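The values are calculated or read from the model by the stated rules, or taken from the named source; none is laboratory data. All values derive from a computational prediction rather than experimental measurement. Quick reminder, even Gly has a Cβ in these numbers, built from the backbone with ideal geometry, and neighbours come from all protein chains shown.
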Amino acid sequence: MRANLLFFFLAFFIFSSNLIAQDLPNYMTEEEQMLMPAYLQSRSAKSITHPPTSPVRAMAEWEEISGLCIRWTSSQQTILRQIIVAAKLETMVYIVCSDSNSVRSYLTSNGINFTNIKFVQKPSDSIWMRDYGQWNVYKNDVDSLYLIDWIYNRPRPNDDAVPSEIATATGLPLYEMVNSPNDLTHTGGNYMVDGWGTAFSSELILDENTDKTESEIDNIMQDWMGIDRYIKMPTLPYDEIHHIDMHLKLLDEETLLVGEYASGIADGPQIEANLQYVLSNYNSVFGTPYKVVRIPMPPDGSGDYPDNFGDYRTYTNSTFINKTLIVPTYAQQYDTTALRILREALPGYTVVGINCNNIINQLGALHCITKEVGTSDPLLITHQPLQNTTNTTTPYQVDAWIKHKTGIQTATLYYTTDTTQGYQSVNMSFTNVPSDTWTGFIPAQPAGTVVFYYIHAQANSGKQQVRPITAPDGWWKFNVVGFTTIIEDEDTENGMLSSYPNPSHGITCIPIKTSSELNGKLFLADVSGREITTIYTGIFFRGEKNYFINTLNLNAGNYLLILQTEDGNSVQKLIVK
């Protein structure tokens, strides 16, 4: 009781000033550190306090959404206005604000109508909607949508109450992790999920729940979020808030977007160590190694990085809004490369850059100030894209997990070798009941062909969906490659130098030399050209750089190292002992 009284006294003192409440940073202030212990004891629930009684699946961020939530603050109205303009073309925008009339006036004066905008007029303490907002889970993968709420890891009671207000505005049930033993302190920026039970966080989740063992935390995440594999990585030395969305993002079920510093700079070494830990110990939901797309972490306007007190500029702190991706930008000389990497990795998406120099010094950007509301009627399509192949004789099998609560009426595979000429269709067949698998076949193509394809499905209810969600403008693709470009242990002007040691039994170094900046991919394949693991994908910068692969877990035999760039392909044989 005394702790509660102390909390409310201190809270009144700190939050009585509207100016302070409007500008609370993403990090915890010194005053808030004093408040936190009493705040945790004072937190009470307004909704359901037990976990869902049926199995649930946590929604991935690239899935279809019905709404995007933001919290209005006048100090960041330029950024928020641009988010609204991009988001309202795709979905409903929920604006949490203390005075909707002033927001309406501002939007009207900037030529923004109120189509696809709803106001949630309630007080809140800060702009960081990602961290205190609600999470989306689906009963039995695709049935009822539930909202889940953790205890916010900041003593900001108005923020912590926002999920309840969103639940009221949407009419969705809210489950709150408040009562022991399920009281979990967490923050949204430190959580990424693949849509199939794998989640990623920094070890901040352990540090902020010292009253629980790691196993107990994992059990809570399993019961409430459907997370059966919770991957945790060491915190970074220069990221004050320790939120992984500042340097990591899932682009799909098997692709990690990873922020990259120059060698030895700031958090670069720890980010790389964490990445290698994940790649060495975990596979994607498909049972294959994760793919990696690297994107630069630029310096601030003075040329400084976080290890020299520079701003923590990041491009991974971006947000999916159905067919749009909003991305923080800072300076054209760096933004141009980052936006190109994202557009190449996410074909068909409308990629919108929004200048975030006015907010990044508070340790957050676009992902930090937005939060999704999932669709209440999901049609789920999950597919592992086909890899490059040397097969020119037999059809290419395309499998997908396709689910809807009313069942699937039809599934169709569309493919082409020239997107300007349209797509041909192939009916898919229901082939596996337990995993809801549908299968179709693309006819064999000659060497040198690039095949583009996507999947369309219609539920018995009439609901339709495509994957990629941007199709037909977006697609998956694979190359039917020949061996005319094989270079056997030969140094080249643009390409692989001789790898060593070869034969390999452990770490092998693969030097790459380029005379200009090239976008491409380096991967290991079997002797037929079928990809086994991605070593690197992204920009190969001018000059020479070493890449590495660990072959200890590979069966002895012959393999191919394949480098594909805009300048052409090169292949080198690798022998594993």
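Some points to look at:
- Within the range 269-301, tally of residues that are in contact with an Asp or Glu (Cβ under 7 Å, 6 or more places away or on another chain) and of a type in the set (Gly, Ala, Ser): 1
- Strands (runs of 3 or more DSSP E) completely within the range 218-263 that count 2 or more residues being buried (at least 21 other Cβ atoms within 10 Å of the Cβ) and within 13 Å of the chain's Cα centre (by Cα): 248-252, 255-260
- From the options THR431, THR382, residue that is surrounded by 17 or more Cβ atoms within 10 Å (Cβ to Cβ) and of a type in the set (Ser, Thr, Tyr): THR382
- Flag for ALA331 being over 19 Å from the mean Cα position of the chain (by Cα) and of a type in the set (A, V, I, L, M): yes
- For the range 500-546, the candidate set comprises residues that are touching a Lys or Arg at 6+ places or on another chain (Cβ under 8 Å), part of a strand (DSSP E or B) and of a type in the set (S, T, N, Q); within that set, the residue that is surrounded by the fewest Cβ atoms within 10 Å (Cβ to Cβ) is ASN519.
- Here ILE532 meets the list (1) of a type in the set (A, V, I, L, M); (2) under 29 Å from the mean Cα position of the chain (by Cα); (3) over 23 Å from VAL480 (Cα atoms) almost entirely, failing just condition (3).
- Tabulated pairs, the range 548-575, first free of Cβ contacts under 8 Å to residues at least 60 places away in the same chain and outside any strand (DSSP E or B), second small (Gly, Ala, Ser) and loosely packed, with under 14 Cβ neighbours inside 10 Å, C-beta under 8 angstrom, 6+ apart or interchain: THR551/GLY506; LEU552/GLY506
- Selection within the range 291-309 - of a type in the set (D, E, K, R) and surrounded by fewer than 19 Cβ atoms within 10 Å (Cβ to Cβ): ARG294, ASP304, ASP307
- Filtering the range 159-213 to residues that are part of a helix (DSSP H, G or I), surrounded by fewer than 20 Cβ atoms within 10 Å (Cβ to Cβ) and not hydrophobic (A, V, I, L, M, F, W, C) leaves SER164, THR168, ASP207.
- Any hit, the range 369-387, residues being at pLDDT 95 or above, in contact with a helix residue (DSSP H, G or I) (Cβ under 7 Å, 6 or more places away or on another chain), farther than 23 Å from PHE441 by Cα and assigned to a loop (DSSP other than H, G, I, E, B): yes
- Condition check for TYR414: part of a strand (DSSP E or B), touching a Ser or Thr at 6+ places or on another chain (Cβ under 7 Å), surrounded by 20 or more Cβ atoms within 10 Å (Cβ to Cβ) and at pLDDT 95 or above: yes
- Evaluating ASN274 against the criteria (1) buried (at least 20 other Cβ atoms within 10 Å of the Cβ); (2) over 23 Å from LEU552 (Cα atoms); (3) of a type in the set (S, T, N, Q) leaves one unmet condition, (2).
- Contact annotation: residue pairs with Cβ atoms under 6 Å, 6 or more positions apart or on different chains, pairing a residue in the range 191-219 that is more than 17 Å from MET246 (Cβ to Cβ) and touching a residue at least 24 places away in the same chain (Cβ under 8 Å) with a partner that is among the acidic types (Asp, Glu) and not in a helix (DSSP H, G or I), are ASP194/GLU253; GLY197/ASP228.
- Of the residues THR288, THR319, the single one that is of a type outside the set (Lys, Arg), surrounded by fewer than 18 Cβ atoms within 10 Å (Cβ to Cβ), in contact (Cβ under 8 Å) with a residue 60 or more places away in the chain and over 20 Å from ILE539 (Cα atoms) is THR288.
- Every residue from the range 408-433 that is touching a strand residue (DSSP E or B) at 6+ places or on another chain (Cβ under 7 Å) and polar (S, T, N, Q): GLN409, THR410, THR412, THR416, THR417, THR419, GLN424, SER425, ASN427, SER429, THR431
- Flag for ALA38 being surrounded by 17 or more Cβ atoms within 10 Å (Cβ to Cβ), farther than 24 Å from LYS118 by Cα, at pLDDT below 95 and not basic (Lys, Arg): yes
Every residue, every condition in (1) of a type in the set (A, V, I, L, M, F, W, C); (2) in contact with a strand residue (DSSP E or B) (Cβ under 9 Å, 6 or more places away or on another chain); (3) surrounded by fewer than 17 Cβ atoms within 10 Å (Cβ to Cβ); (4) modelled with pLDDT under 95, yes or no:
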| site | (1), (2), (3), (4) |
| --- | --- |
| PHE12 | yes, no, yes, yes |
| THR29 | no, no, yes, yes |
| GLN33 | no, no, yes, yes |
| TRP62 | yes, yes, no, no |
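- Single residue of ASN153, ASN136 found to be of a type in the set (S, T, N, Q), modelled with pLDDT of 95 or more and either surrounded by 17 or more Cβ atoms within 10 Å (Cβ to Cβ) or under 18 Å from ILE79 (Cα atoms) (or both): ASN136
Here is a yes/no grid of residues against (1) outside the structural domain of GLU64 (by TED's automatic domain parsing); (2) charged (D, E, K, R); (3) under 24 Å from GLU254 (Cα atoms):
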| residue | (1), (2), (3) |
| --- | --- |
| ILE369 | no, no, no |
| PRO385 | yes, no, yes |
| ASN391 | yes, no, yes |
| ILE402 | yes, no, yes |
| GLY407 | yes, no, no |
| TYR415 | yes, no, yes |
| ASP418 | yes, yes, no |
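- Residue in the range 388-406 that is modelled with the highest pLDDT, counting only those that are of a type in the set (Val, Ile, Thr) and under 30 Å from VAL571 (Cβ atoms): VAL398
- Being surrounded by 15 or more Cβ atoms within 10 Å (Cβ to Cβ) and modelled with pLDDT under 95 is a property that ARG57 lacks.
- Per this entry, ILE469 is not counted among residues that are closer than 19 Å to THR394 by Cβ, at pLDDT 95 or above and not assigned by TED's automatic domain parsing to the domain that holds ASN140.
- Count of residues meeting criterion [of a type in the set (D, E, K, R) and out of contact with any strand residue (DSSP E or B) (no Cβ under 8 Å at 6 or more places or on another chain)] in the range 366-402: 1
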